[in-house]
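Colleague: Please see the structure below; I have some questions.
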Amino acid sequence: MIGHIVKSVSWPKTGSNVTTIYLDTCTLRPWRDGDEFSLSEQANNRKIWDRVRDFFPHPYTVRDASSWIRMNRSYQQPVNLAIDIGGRAVGNVGFTIKEDIYRHNAEIGYWLGEAHWGQGIMSEVLPAMVNYIFSNFQVNRLFGCVLEGNTVSMRVLQQAGFRAEAVLKKAAYKNNQYLDEHIFALLREEFVTRQGQISLAGKQ
């Protein structure tokens with residue numbers, strides 16, 4: 001399979017923070033008041049924390065969740081979207097635009113509640129988020145960083161069209177040990193070419 005096609009997307013209106021992306025497995029939407037309890041419940045998991053950076057709280061409390069939601073509600077156009085299944089926020093996918101000479105680079109990140117692992121959700125979420133980023137922001141290079149051992153996340157990035165770009169040897173320090181960091185990247189021109197291939201495959 002070349003990739004996934006986003007079937008139904010509601011892009012943000014001018015001056016609005018309404019962004020909803022409807023997928024087969026879930027819905028991507030802005031974070032909203034009322035998500036605090038599902039967010040803290042899903043994110044308060046050591047297995048998730050082991051795979052992300054240390055700024056991700058652990059334990060993950062309702063207060064942490066409230067702070068996260070308040071921050072994201074302040075953006076005019078969302079850079080983080082809740083992964084919604086059955087009306088409950090069970091994960092996040094988002095990006096951070098870099099600064100200075102790297103201002104056309106953005107780092108993508110994501111996590112999903114453990115109960116929903118292995119169901120192909122992130123394999124659908126990531127291409128949709130890539131589409132959202134390249135369609136709405138002046139990003140030329142999108143990249144993701146994965147700690148060694150997280151082969152599932154590496155595979156999800158590759159399925160979404162990212163290529164393995166570099167391995168930073170022992171660049172990360174997590175759980176009292178040095179770990180390699182694997183960098184995967186996707187350029188805008190590669191994204192455009194990939195979208196063309198997906199469209200052709202859909203017509204066959």
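The values are calculated or read from the model by the stated rules, or taken from the named source; none is laboratory data. As the structure is a prediction and not an experimental result, all values here were calculated from the model. Here Cβ is always computed from backbone atoms with ideal geometry, including for glycine, and neighbour counts include all displayed protein chains. Note: areas computed on protein heavy atoms with side chains; ligands, DNA, RNA excluded. Shrake-Rupley method; radii C 1.70, N 1.55, O 1.52, S 1.80 Å.
Colleague: Roughly speaking, what is the stretch gain from ASP24 to ASP100, that is 0.36 nm per residue apart minus the C-alpha to C-alpha distance, in nm to one decimal? Walk me through the numbers before you get to the answer.
Modeller: On the way: separation 76, 0.36 × 76 = 27.36 nm, distance 3.79 nm.
Once the chain is fully extended between ASP24 and ASP100, it gains 23.6 nm.
Colleague: Working with all protein chains in place, sort VAL79, VAL139 by solvent-accessible area computed with a 1.4 Å probe, largest first. All intermediate terms of the calculation are to be shown ahead of the outcome.
Modeller: On the way: VAL79 30, VAL139 0 Å².
So, going from the largest accessible area down, we get VAL79, VAL139.
Colleague: Only loop residues by DSSP count here, and only those with at most 10 other Cβ atoms within 10 Å; note down the GluC sites (Glu not before Pro) in the range 95-183 that meet that. Please list the in-between numbers first.
Modeller: Numbers: sites: GLU99, GLU107, GLU114, GLU124, GLU148, GLU165, GLU181; in loops: GLU99, GLU148.
Passing both the DSSP loop test and the Cβ count: GLU99.
Colleague: Further question: Take the Cα coordinates of the range 32-128, assign each an equal point scatterer, and use the Debye formula without solvent to give log10 I(q)/I(0) at q = 0.16, 0.17, 0.25 Å⁻¹.
Modeller: The computed values of log10 I(q)/I(0) come out as -0.71, -0.80, -1.53.
Colleague: Would you work out the Kirkwood radius for the range 21-202? I mean one over the mean of 1/r across all pairs of different Cα atoms, in Å.
Modeller: Values: mean 1/r = 0.0586 Å⁻¹.
Across the range 21-202, the inverse of the average 1/r is 17.1 Å.
Colleague: Going 7 Å from the Cα of ARG88 toward and past its Cβ, which residues in the range 94-126 have a backbone nitrogen under 14 Å from where you end up?
Modeller: 113-117
Colleague: I need the chymotrypsin sites (Phe, Trp or Tyr not before Pro) found in the range 34-63, filtered to DSSP loop residues with at most 15 other beta carbons within 10 Å of theirs. Mind showing how you got there, number by number?
Modeller: Working: sites: PHE37, TRP49, PHE55, TYR60; in loops: PHE55, TYR60.
Qualifying residues, ordered by number: PHE55.
Colleague: Where nothing but the Cβ of Lys and Arg (+1) and of Asp and Glu (-1) is charged, how large is the charge dipole of the range 21-202 around its Cα centre, in debye to the nearest 20? Can you show the working numbers first?
Modeller: Numbers: 20 positive and 20 negative charges, 31 e Å.
Rounded to the nearest 20 debye, it is 160 debye.
Colleague: Enter the accessible area per residue of the chain (Å², integer; probe 1.4 Å; all protein chains in place). Intermediate values should be presented prior to the final figure.
Modeller: Numbers: 11120 Å² over 204 residues.
So the chain comes to 54 Å² accessible per residue, rounded to a whole number.
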